[in-house]
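Only the coordinates and a few stated rules stand behind these numbers; no lab work does. Just so we're clear, the structure is a prediction, and the values are computed from it rather than from any experiment. Reconstructed Cβ throughout: ideal geometry from the backbone, glycine too, with neighbour counts over all protein chains shown.
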Amino acid sequence: MPKKFSTEINNEYFLVCVDESNEFYAALEYACVNAQKQKINLILLYIIEIANFRHWKGVETIMQEEQKSKAKELLNIHLAEIKKNYNLKIKTMIKRGDRVETILKVLKNKRYKIQNLILGLAMEGNDTNKIINSLTGSFRKKLNLPITIVPDKDS
């Protein structure tokens, strides 16, 4: 008996790490196009790296709030753009910590069925490439899903 395919969007996700790099935009476009084709949802993850600024608690708190505000603003801009061009269900997350460790924690969360991690590749040195090097090198054995690496279009 043939399987019936559902036309509803399912509970599976592509994970895209949000930043302000050129390669992020290439990865986001790739993720949106393929998520819509496959009827998969999208998670936009913004990671605020913990700064080693512990001199004055009040200043640290203000800096953290500014970073969180910036993250929300950036995510809202991307949400509006995606909703204008694609029919996708999107979740946004703002997490604080080391980028690679935070990505691994989100991937291990059983609440989300993350099917693919999509990262942008800078053709010239960038922080994103450090994440790619870590996740395809020493941390690869901690992952049980594919990683799609999208090259920056402008390079």
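For the chain, what relative contact order do you get, as a whole percent, if you take Cα pairs closer than 8 Å and at least 6 residues apart? Dividing the mean separation by the residue count of the chain yields 33 percent.
Could the peptides 95-106, 136-147, 68-79 be put in order, highest first, of the mean number of other beta-carbon atoms found within 10 Å of their residues?
Details: 95-106: 16.4, 136-147: 11.0, 68-79: 14.3.
Packing order, densest peptide first, comes out as 95-106, 68-79, 136-147.
Which peptide among 85-94, 18-27 comes first, and what is the full order, when sorted by highest mean count of other Cβ atoms within 10 Å? Each step should come with its number before you reach the end.
Numbers: 85-94: 15.2, 18-27: 19.1.
For the peptides 85-94, 18-27, the packing ranking is 18-27, 85-94.
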